[in-house]
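For reference, the structure is listed below as structure tokens.
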Amino acid sequence: MDQTNHWYGHAHILAEYAGLDPESPPPIRGIVQHGWTFVHGFGYHNTDWSMAKFAWSDVCRRRGEAIGWRNYLVIGAPYLYLMEILDDPHQEREGTIWYPFHGTLDYETVQGSHQALIDEIRDTEEGPVTMCLYYVEYEDPEIRGLYEDAGFRVITHGHRGRMWQGTDRFFLFRQLGELRRHRRVASNRLTTAVLYGVAAGCEPAVYGDPMEFVGAKAGFDGTGLLEATLPDLFGKRIDLELARATTRTELGADFVMSPEELRYVLGWQEPWLASSN
């Protein structure tokens with residue numbers, strides 16, 4: 001199984017939804033899209049691009065096929081399957097959960113003024129603010145300290161994992177739980193977290209210095225491109241119905257499968273798995 005299928009516990013969530021053991025998900029015969037992108041659904045990680053590509057949305061499928069890629073199957077985002085697994089407590093929502101754009105420990109770093117972002121958040125948000133840092137920034141005392149000193153509640157959802165090691169399979173569980181308790185979700189980029197927040201019932205906002213993505217390969221840093229193509233999804237107040245419609249399309253809500261169909265398309269119908277159903 002491609003290592004990225006384990007990131008954020010995706011394979012574990014799909015296995016649980018399909019009625020299999022979430023602690024030890026079976027191998028997936030292909031690669032599952034691990035985050036929202038404005039291109040074809042997949043990054044530039046080393047992998048075999050001839051394998052089956054389980055994309056979230058038909059938008060990604062069309063873009064991928066436009067550059068000559070094949071073997072696409074649209075299944076919807078694993079996050080949507082988690083929403084089927086976890087009941088919504090319908091608790092009273094308060095404040096904003098804010099996701100600063102992040103780097104990765106492996107090969108990419110982000111440069112920008114966290115203090116300028118803090119100042120703008122203070123001038124914009126009403127009520128308590130939760131800053132959710134990616135584990136890379138959370139484990140940097142200097143960056144985390146800036147947000148703590150600003151009086152924000154500072155959290156992280158966990159580690160994504162690497163090479164099948166260190167995966168926190170409850171990463172998205174924590175994220176969904178936090179989103180369901182906040183009234184707003186915001187970021188300085190239009191990212192996966194913003195779409196997840198809209199799907200979970202939050203009001204979205206995208207504002208602030210987008211920061212520089214140092215080391216990004218050409219075509220994979222969407223600064224400027226998304227503002228030009230999706231201008232209505234940027235700002236401190238975004239039309240909620242428009243955001244919901246876009247989120248539904250980009251996360252592939254109309255393509256979520258039944259447990260039986262999901263087992264079939266992921267190659268989980270072998271006889272040796274029957275006892276796990």
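Its DSSP H runs of at least 4 residues, each contributing -39,500 (n - 2.57), put the calculated 222 nm mean residue ellipticity of the chain at -9000 deg cm²/dmol, to the nearest 500.
Model label points for Glu227 and Phe170, set 7 angstrom from Cα along the Cα-to-Cβ axis, are 4.0 nm apart. Beta-bridge orientation, the chain: approximately 25 percent antiparallel, per DSSP, counting only bridges with both partners inside. Taken about its Cα centre, the chain carries a charge dipole of about 580 debye when Lys and Arg each add +1 at the Cβ and Asp and Glu each add -1 at the Cβ. Taking each residue as 0.36 nm, the span from Glu23 to Ile155 lengthens on full extension beyond its C-alpha to C-alpha distance by 45.1 nm. Per residue, the chain exposes 46 Å² of accessible surface when a 1.4 Å probe is rolled over the protein heavy atoms with every protein chain present. Of the residues Leu86, Leu176, Leu225, the one with the largest accessible area comes first in the ranking Leu225, Leu86, Leu176, computed with a 1.4 Å probe on protein heavy atoms.
May I ask you to give the percent of accessible area on the chain that is carbon plus sulfur, with a probe radius of 1.4 Å? Within the chain, the accessible surface is 50 percent carbon and sulfur.
Using only Cα coordinates, the Kirkwood hydrodynamic radius of the range 113-155 works out to 10.5 Å. Diffusion coefficient of the chain by Stokes-Einstein, Kirkwood radius over Cα pairs, 4 °C, 1.567 mPa s: 67 µm²/s. Each peptide in 143-152, 12-21 receives the mean, over its residues, of other Cβ atoms within 10 Å, and ordering these scores from highest gives 12-21, 143-152. State the Cα centre-to-centre distance between the range 57-71 and the range 150-194 in whole Å. Measuring centre to centre over Cα atoms gives 28 Å.
Each peptide in 115-123, 92-100, 234-242, 2-10 gets a packing score, the mean of other Cβ atoms within 10 Å over its residues, and the list from highest to lowest is 2-10, 92-100, 115-123, 234-242.
The values are calculated or read from the model by the stated rules, or taken from the named source; none is laboratory data. Quick caveat, the model's predicted, so the values are computed rather than measured. Note that each Cβ is placed from the backbone with ideal geometry, even for glycine, and that neighbours are counted across all protein chains shown. These accessible areas exclude ligands, DNA and RNA; they are computed on the full protein's heavy atoms, side chains included. Shrake-Rupley method; radii C 1.70, N 1.55, O 1.52, S 1.80 Å.
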